[in-house]
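Let me begin by presenting the structure, written as structure tokens, before commenting on it.
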Amino acid sequence: MNSWPSNLGVCRDRELAPHTYFGIGGPAQYLAIADEASRLTELLDFGSSRELPVTVLGNASNVLIGDDGVEGLVIINQARQLGLHEREKISAESGALMGQLAHFAAENGIGGFEFGLGIPGSVGGSVFGNAGCFGSDISKVLERALVWRNDGVSWQGRDEFEFGYRCSALQREPGLAVVIEVRLQGVARPESEIRSRMVQIQDQRRQSQPADRSAGSIFKNPAGDFAGRLIEKAGLKGARSGAAQVSDRHANFIVNRGQARAADVVALMDRIRRRVHEVSGIRLEPEIRRIGSGFGETA
Ligand SMILES: Cc1cc2nc3c(=O)[nH]c(=O)nc-3n(C[C@H](O)[C@H](O)[C@H](O)COP(=O)(O)OP(=O)(O)OC[C@H]3O[C@@H](n4cnc5c(N)ncnc54)[C@H](O)[C@@H]3O)c2cc1C
């Protein structure tokens, strides 16, 4: 039995589906929303002092939450403060959204963040997975980040994150190392130039991606190829499992057509992986992260 200080706003047995981009997932045993970086560290310290498993979500745009939910404390990080640190340097709380960051940078004549408009996630989630698009990713603008671990917080330089394609060293310790705040470095550029690039990015996104509920790209692109092309070649565009469907617009997206369950998504992912391997000999690697339990039978 855990008793929580009332100021932390922790609730018991709360459905996570409404908090996720996919609209899928069972309840969190405990759920709290952090709207400031200091509240985020307070919650992390408290959860850790109770030896509870802790899961931090940003905008939950790259996760599949299991149908049976998540044990322990789930923190939704909405600490979104942004500030100018020095010339062309931005400080951001880790719950800031990548689109919010792109607009803030544009207003201040700082280029290099335009790609953020294509990513509906938080800065923290983007550091975790080195999110990127249109030829850039967060590793190109990150200078350092304040990271929480159960023995305290410390600043880590970019190299310590060992960034690669959609990966970082944080993925080796999920839930144990949490980005609290970041310092980012851009380049001076006229606002009009930045804005026209942002319009291009938005137009391309609208044309190429489904607007339905999803978790973004389901699989990583294998070296030298595109997961979407391979899935289409395997004849799986539009394939369904329950209410989960391979998007007609972009085959590397699975969309939630109604009341999809995590088990439906996983069954569809397994089918895609098997069929793509049969047709092209390539084993696709998931990009989305599974969190919690209740994913049905997997092959
Ligand atoms: C329509 C759509 C389009 C997308 N397009 C792209 C794209 O072009 N490129 C791309 O890279 N991604 C894309 N994504 C995926 C997603 O938006 C990114 O991966 C994003 O960076 C995830 O951020 P988030 O806050 O939503 O993370 P979440 O989904 O909340 O979490 C993802 C993982 O990060 C961990 N995490 C979250 N916050 C922190 C933190 N502060 N510290 C440590 N770990 C943390 C979580 O525990 C989880 O394991 C897209 C998604 C959608 C739905």
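Just the residues that are open to solvent by less than 60 Å² (accessible area, probe 1.4 Å), polar (S, T, N, Q) and under 22 Å from ALA60 (Cα atoms), please, taken from the stretch 244-287. Explain how you work it out, then say what you get.
Kept after step one, since they are open to solvent by less than 60 Å² (accessible area, probe 1.4 Å), are these residues of the stretch 244-287: 244-247, 250-256, 258, 260, 262-270, 272, 276, 279-282, 284, 286-287.
Narrowing further to those that are polar (S, T, N, Q): 245, 247, 252, 256, 280.
Hits for the stretch 244-287 are GLN245, SER247, ASN252, ASN256.
In the condition set (1) assigned by TED's automatic domain parsing to the domain that holds CYS167; (2) within 15 Å of the ligand (Cβ to nearest atom); (3) touching a strand residue (DSSP E or B) at 6+ places or on another chain (Cβ under 6 Å), GLN100 is compliant with all but (3).
Quick check on this structure: which one of GLU36, GLU93 is touching a residue at least 40 places away in the same chain (Cβ under 8 Å), open to solvent by 30 Å² or more (accessible area, probe 1.4 Å) and in contact with a strand residue (DSSP E or B) (Cβ under 7 Å, 6 or more places away or on another chain)? So that I can check it myself, show each step before the final result.
On the way: GLU36 fails: in contact with a strand residue (DSSP E or B) (Cβ under 7 Å, 6 or more places away or on another chain).
Within the list GLU36, GLU93, the selection yields GLU93.
Does GLN171 satisfy being under 22 Å from LEU57 (Cβ atoms) and more than 10 Å from the ligand (Cβ to nearest atom)? Considered against the rule, which asks whether it is under 22 Å from LEU57 (Cβ atoms) and more than 10 Å from the ligand (Cβ to nearest atom), GLN171 comes out as no.
Could you pull out every one of the strands (runs of 3 or more DSSP E) wholly within the stretch 1-87 that has 3 or more residues that are at pLDDT 95 or above and within 30 Å of VAL255 (Cβ to Cβ)? Show your work before the answer.
On the way: elements: 11-15, 27-34, 54-57, 63-65, 70-77, 82-86.
By residue number, 11-15, 27-34, 54-57, 63-65, 70-77.
Would you mind telling me which numbered condition in (1) open to solvent by 10 Å² or more (accessible area, probe 1.4 Å); (2) modelled with pLDDT of 95 or more CYS133 fails? Checking CYS133 against (1) open to solvent by 10 Å² or more (accessible area, probe 1.4 Å); (2) modelled with pLDDT of 95 or more, the one that fails is (2). Of all the criteria given as (1) open to solvent by less than 50 Å² (accessible area, probe 1.4 Å); (2) assigned to a helix (DSSP H, G or I); (3) among the small types (Gly, Ala, Ser), the one not satisfied by SER192 is (1). For the stretch 30-50, check the following and say yes or no: at least one residue is in contact with a Gly (Cβ under 6 Å, 6 or more places away or on another chain) and over 30 Å from VAL246 (Cβ atoms). Yes, the stretch 30-50 has at least one match.
Of the set (1) more than 19 Å from the chain's Cα centre (by Cα); (2) at pLDDT below 95; (3) of a type outside the set (S, T, N, Q), all apply to ALA211 but (1). Considering the conditions (1) farther than 19 Å from ALA37 by Cβ; (2) under 19 Å from the mean Cα position of the chain (by Cα); (3) surrounded by 15 or more Cβ atoms within 10 Å (Cβ to Cβ), GLU173 is excluded by exactly one of them, (3). Only one of the numbered conditions (1) in contact with a helix residue (DSSP H, G or I) (Cβ under 9 Å, 6 or more places away or on another chain); (2) over 25 Å from GLY26 (Cβ atoms); (3) of a type in the set (Ser, Thr, Tyr) is violated by SER154, and that is (1). Put simply, of GLU107, GLU36 the only residue that is of a type in the set (Asp, Glu) and within 14 Å of the ligand (Cβ to nearest atom) is GLU36. Among the numbered conditions (1) within 14 Å of the ligand (Cβ to nearest atom); (2) of a type in the set (Lys, Arg); (3) touching a residue at least 60 places away in the same chain (Cβ under 8 Å), the only one that LYS140 does not meet is (3). ARG290 meets all of the listed conditions (1) free of Cβ contacts under 8 Å to residues at least 40 places away in the same chain; (2) within 16 Å of the ligand (Cβ to nearest atom); (3) open to solvent by 20 Å² or more (accessible area, probe 1.4 Å); (4) within 23 Å of PHE128 (Cα to Cα) but one, namely (1). Exactly one residue out of ARG144, ARG197, ARG166, ARG158 is of a type in the set (Lys, Arg), under 16 Å from the mean Cα position of the chain (by Cα) and buried (at least 16 other Cβ atoms within 10 Å of the Cβ): that is ARG166.
The values are calculated or read from the model by the stated rules, or taken from the named source; none is laboratory data. Note that the structure is a prediction, hence the values are computed from the model and not measured. All Cβ positions, glycine included, derive from the backbone under ideal geometry; neighbour counts span all protein chains shown. These area figures cover heavy atoms from the full protein model, side chains too; ligands, DNA and RNA do not enter into them. Shrake-Rupley method; radii C 1.70, N 1.55, O 1.52, S 1.80 Å.
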